[in-house]
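Participant: Before I ask anything, here is the structure I am working with.
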Amino acid sequence: MTDATRVLVLNSGSSSVKFQLIDMADGSRPAVGIVERIGESTGRIEYRPQHGGTRSTERPFPDHSAALEAVSAELAADGLGLDSPELAAIGHRVVHGGTTFTAPTVITDKMVEELRELVPLAPLHNPANITGIEVARRLRPDLPQVAVFDTAFHATMPEYAARYAIDRETADRFSVRRYGFHGTSHQYVSRRTAQLLGRAPESVNVIVLHLGNGASASAVAGGVCVDTSMGLTPLEGLVMGTRSGDLDPAILLHLHRVAGMSVDEIDVLLNRRSGLLGLCGDNDMREIARRMGEGDAAAQLAFDVYVHRLKKYVGAYLAVLGRVDAIAFTAGVGENSAAVREAAMSGLENLGIEVDSVRNAVRGSSPRLISTEDSRVAIAVVPTDEELEIAGQTFNLVRQHAS
Ligand code: ADP
């Protein structure tokens, strides 16, 4: 075994590549950054080394190859290049693993072919993920590379939670089932919550509320996901920044037949013009809070719809799990909005769920409890770290393969 302990985590989107170099020996991050506006006339790379001295350069990046080569050059300038002996592996975030990939997977030619077959399930995300993988493999063909899937943690959902109640044959033919997303976050946060309670993950039942721009809830029993709110796509479930979450599926038919909207128009409406944005014109919870402070009724209604949906999922997952030890809030809204946390947990005292408003108001970047001493269920704020989870899973898999 060499002393290569660093993992480069790549998150390749359609027009951006986010990267973090993480050292698994001590959890430090020698470099993090992003390349933005790939394929546009003006692009930007931002590179932040651990010890300060952020470098930001504006120039065009015609494609993902150019973007990753720029990342590689920035890293090399600090002696952290893709050829450095400390680099153990590259870990790629991949959005959809379908039913084919239910665990982190070492990337091979055959694996990439199988991944390509899943593109219809995530046409907006998987192609960019695959491009990132191909370019990184071209740059370092000999280095182990691993794909970590957003869907994988949810693959343990029992069949009755994953199945939609539609004709089985149609569902199977078109791979229609609930997959769930944000899996690396739910996995990381549920484990970290158990640690915060000083207990083994296997003995703890947690409801995780990942509230970012996209938002999802999961029910995790003893470290294993048993239900989650997102489905075939990330549209189902909670109210999000710009996505509707749950709605009566007949609304789509109504919009098509009565409003004359096309499938693409309905897609845009539900994914990009709904949620908080659709309800009040803003999708940022900070702006909504500010407007509520001024007595803005539309912002208040958006907040109330958001919180009501959240509370319904908490109730559902209390029932699914039977016994709940902790409820964990994470991601942009979950980590920062004391108002959302307080409102979502209000009125649940008879279920053993009680927020301590003083603790809840304290800001911080480490995992912390915000429940009262008497609350039977612990309520926690646990900052998510999807990159660290991807790096950890990548490193463990590469080590297993090497031994
Ligand atoms: P993404 O899903 O894009 O990764 P994040 O987890 O970063 O999103 O969450 C982004 C959202 O977090 C913002 O749209 C905003 O609504 C919310 N947010 C960030 N900071 C705060 C804050 N201080 N108070 C309330 N909401 C916040």
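Participant: Is it fair to say HIS92 is part of a loop (DSSP other than H, G, I, E, B), buried (at least 20 other Cβ atoms within 10 Å of the Cβ) and in contact (Cβ under 8 Å) with a residue 24 or more places away in the chain?
Facilitator: Working: part of a loop (DSSP other than H, G, I, E, B): no; buried (at least 20 other Cβ atoms within 10 Å of the Cβ): yes; in contact (Cβ under 8 Å) with a residue 24 or more places away in the chain: yes.
Criteria not met by HIS92.
Participant: Go through the stretch 349-365 and report how many residues are in contact with a strand residue (DSSP E or B) (Cβ under 9 Å, 6 or more places away or on another chain) and either farther than 24 Å from SER185 by Cα or within 16 Å of the ligand (Cβ to nearest atom) (or both). Working first, answer last.
Facilitator: Keep residues of the stretch 349-365 that are in contact with a strand residue (DSSP E or B) (Cβ under 9 Å, 6 or more places away or on another chain), which gives 353-356, 359-360, 362, 364.
Applying the additional criterion that residues be either farther than 24 Å from SER185 by Cα or within 16 Å of the ligand (Cβ to nearest atom) (or both) yields 354, 356, 360, 362, 364.
So the answer is 5.
Participant: Another question, then. Which numbered condition in (1) outside any strand (DSSP E or B); (2) within 13 Å of the ligand (Cβ to nearest atom) is the only one that ALA259 fails?
Facilitator: (2)
Participant: Just one of GLY364, GLY347 is surrounded by fewer than 19 Cβ atoms within 10 Å (Cβ to Cβ) and under 23 Å from the mean Cα position of the chain (by Cα); which is it?
Facilitator: Working: GLY347 fails: under 23 Å from the mean Cα position of the chain (by Cα).
After ruling out the rest, the residue left standing is GLY364.
Participant: Another question, if that's okay. Can you pull out the residues in the stretch 354-381 that are of a type outside the set (Asp, Glu), under 16 Å from ALA339 (Cα atoms) and not in a strand (DSSP E or B)? Quick ask: steps written out before the conclusion?
Facilitator: Step one: filter the stretch 354-381 for residues of a type outside the set (Asp, Glu), giving 355, 357-372, 375-381.
Okay, now just the ones that are also under 16 Å from ALA339 (Cα atoms), so 355, 357-364, 369-371, 379-381.
The answer is SER357, VAL358, ARG359, ASN360, ALA361, VAL362, ARG363, GLY364, ILE370.
Participant: OK, next. Can you name every one of the helices (runs of 4 or more DSSP H) wholly within the stretch 143-219 that holds 2 or more residues which are in contact (Cβ under 8 Å) with a residue 24 or more places away in the chain? Step through it out loud before you land on a result.
Facilitator: Numbers: elements: 159-162, 168-173, 183-196.
Here the list reads 183-196.
Participant: Next up: Residues being within 16 Å of the ligand (Cβ to nearest atom) and closer than 30 Å to PRO104 by Cβ: count how many of those fall in the stretch 368-388.
Facilitator: From the stretch 368-388, those within 16 Å of the ligand (Cβ to nearest atom) are 368, 370, 381-388; that's our starting set.
Cutting the leftovers down to closer than 30 Å to PRO104 by Cβ gives us 368, 381-388.
Selection size over the stretch 368-388: 9.
Participant: Would you check which residues across the stretch 315-339 are within 16 Å of the ligand (Cβ to nearest atom), in contact with a Ser or Thr (Cβ under 7 Å, 6 or more places away or on another chain) and not polar (S, T, N, Q) and list them? Don't jump to the end; show me each part of the working.
Facilitator: So the first thing to find is which residues in the stretch 315-339 are within 16 Å of the ligand (Cβ to nearest atom), and the list is 328-339.
Then drop every residue that is not in contact with a Ser or Thr (Cβ under 7 Å, 6 or more places away or on another chain), which leaves 328, 330-331.
Once the filter is applied, which keeps residues that are within 16 Å of the ligand (Cβ to nearest atom), in contact with a Ser or Thr (Cβ under 7 Å, 6 or more places away or on another chain) and not polar (S, T, N, Q), the stretch 315-339 yields ALA328, ALA331.
Participant: How many of the residues making up the stretch 106-123 are surrounded by fewer than 20 Cβ atoms within 10 Å (Cβ to Cβ) and either free of Cβ contacts under 8 Å to residues at least 60 places away in the same chain or more than 22 Å from the chain's Cα centre (by Cα) (or both)? Give the steps one after another, and end with the answer.
Facilitator: Step one: filter the stretch 106-123 for residues surrounded by fewer than 20 Cβ atoms within 10 Å (Cβ to Cβ), giving 106, 108-114, 116-117, 119-120, 123.
Keeping just the survivors that are either free of Cβ contacts under 8 Å to residues at least 60 places away in the same chain or more than 22 Å from the chain's Cα centre (by Cα) (or both) gives 108-114, 116-117, 119-120, 123.
Result for the stretch 106-123: 12.
Participant: With the structure loaded, tell me whether VAL268 is away from the ligand (no atom under 14 Å from the Cβ), among the aliphatic types (A, V, I, L, M) and closer than 21 Å to GLU386 by Cβ or whether it fails that test.
Facilitator: Values: away from the ligand (no atom under 14 Å from the Cβ): yes; among the aliphatic types (A, V, I, L, M): yes; closer than 21 Å to GLU386 by Cβ: no.
Against the criterion (away from the ligand (no atom under 14 Å from the Cβ), among the aliphatic types (A, V, I, L, M) and closer than 21 Å to GLU386 by Cβ), VAL268 does not qualify.
Participant: Check off (1) in contact (Cβ under 8 Å) with a residue 24 or more places away in the chain; (2) within 13 Å of the ligand (Cβ to nearest atom); (3) assigned to a helix (DSSP H, G or I) for ILE288 and give me the number that stays unchecked.
Facilitator: Tallying (1) in contact (Cβ under 8 Å) with a residue 24 or more places away in the chain; (2) within 13 Å of the ligand (Cβ to nearest atom); (3) assigned to a helix (DSSP H, G or I), ILE288 fails exactly one: (1).
Readers should treat all values here as calculations from the given coordinates under stated rules, not as data from a laboratory. Keep in mind that what you see is a predicted model, and the values were worked out from it rather than measured. Every residue, glycine among them, receives a Cβ derived from its backbone with ideal geometry; neighbour counts consider all protein chains shown.
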